[in-house]
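Quick notes on the structure that follows.
The values are calculated or read from the model by the stated rules, or taken from the named source; none is laboratory data. Not measured: the values here are computed from a predicted model. A quick note on method: Cβ atoms are made from the backbone with ideal geometry, for glycine too, and the neighbour counts reach across all protein chains shown. Note: accessible area is taken over every heavy atom of the protein model, side chains too, but ligands, DNA and RNA are not part of it. Shrake-Rupley method; radii C 1.70, N 1.55, O 1.52, S 1.80 Å.
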Amino acid sequence: MTATVAAPAAETRTAPGTTTAPFRLYADPLALPLRPGEQYRFAVDLSRCIGCHACEVACAEQNDLPAGVYWRKVGDVEGGEFPHTARLHVSTACNHCLEPACMHGCPTLAYSKGADGIVVHDAQACVGCGYCTWNCPYDVPVIDPVCRIATKCDMCKPRLDTGDLPACVESCPTGAIALEIVDVASWRADHAAAEGPGLPPSGLTLSTTRIAVPAQAPR
């Protein structure tokens with residue numbers, strides 16, 4: 001006998017700090033398919049990140065990255081005045097922007113943005129010119145020293161297509177990284193929740209990564 005499991009209902013919320021950008025938590029790509037006008041995006045909760053670098057390691061292993069090449073990076077931001085100081089860990093990867101600078105600046109059209117919102121890179125079309133590494137304000141594309149072409153995070157699209165979460169999301173021990181579904185039009189109108197300490201202004205490329213910033217964040 002075959003058991004049938006009902007797909008869970010999508011959970012709709014409003015992004016902190018905004019009233020116009022609803023998103024849906026993304027727990028299972030097969031249970032929560034995209035609706036017209038939606039795309040996938042990352043969310044990072046800075047109050048949960050402990051700087052363990054598990055996401056970096058999982059990403060590198062999943063994508064067989066050579067030493068020194070990182071598609072996801074964990075950094076630190078510090079600020080304040082003694083005794084009121086704060087330090088936060090920030091995990092960053094490709095933001096799968098609504099207006100990706102890497103794609104717009106590529107002379108060989110090696111980048112494309114799919115219907116699911118994921119910005120993907122075509123290794124066969126890339127000539128390794130490095131223009132994308134200059135154009136992206138988030139320093140996301142990196143040149144692979146072995147292949148001598150640009151590479152970047154693809155949100156673990158092969159995993160998504162088979163119903164699995166990205167390696168970074170699945171490996172995070174504190175749940176600091178999540179995958180969500182966001183309404184593109186609403187996010188384009190109000191993307192304030194993409195702002196974070198130490199990050200470029202989200203309006204440059206309309207970054208879709210939602211950053212949950214605690215009240216004690218460095219200024």
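Apolar share of the accessible surface for segment 148-189: 52 percent from carbon plus sulfur atoms, 1.4 Å probe. When all protein chains stay in place and ligands, DNA and RNA are ignored, the 1.4 Å accessible-area order of H96, H104, largest first, is H104, H96.
With r defined as the distance between the Cβ atoms of V127 and V57 and R0 fixed at 30 Å, what FRET efficiency is calculated, to the nearest 0.05?
Values: r = 30 Å, r/R0 = 1.01.
Here the calculated transfer efficiency is 0.50.
Under the simplified labelling scheme, the S47-S112 pair shows an inter-label distance of 4.1 nm, with each label point 7 Å from Cα along Cα→Cβ.
Each of C97, L179, F42 was placed along the dipole of segment 33-186 (beta-carbon charges, centred on the mean Cα), and the one lying farthest toward the positive end is C97. Largest accessible area first, the listed residues T205, T174 line up as T174, T205 when surface is computed with a 1.4 Å probe on the assembled protein chains. Rolling a 1.4 Å probe over the protein chains gives Y138 an accessible area of about 40 Å². What segment 139-191 shows is 42 Å² of accessible area per residue, with the surface traced by a 1.4 Å probe over protein heavy atoms.
Hey, with R₀ at 35 Å, roughly what FRET efficiency would D164 and A86 work out to, going by the Cβ-Cβ distance, to 0.05? All intermediate terms of the calculation are to be shown ahead of the outcome.
Numbers: r = 35 Å, r/R0 = 0.99.
Rounded to the nearest 0.05, the efficiency is 0.50.
Taken about its Cα centre, segment 27-154 carries a charge dipole of about 140 debye when Lys and Arg each add +1 at the Cβ and Asp and Glu each add -1 at the Cβ.
Each Lys and Arg contributes +1 and each Asp and Glu -1, all at the Cβ; summed about the Cα centre of segment 34-87, the dipole is approximately 200 debye.
Distance between the modelled labels on D64 and W134, one decimal in nanometres: 3.2 nm (7 Å Cα→Cβ projection). Segment 131-167 and segment 35-108 have Cα centres separated by 11 Å. Only Cα pairs under 8 Å and 6+ residues apart enter the sum, and on that basis the relative contact order of segment 46-136 stands at 21 percent.
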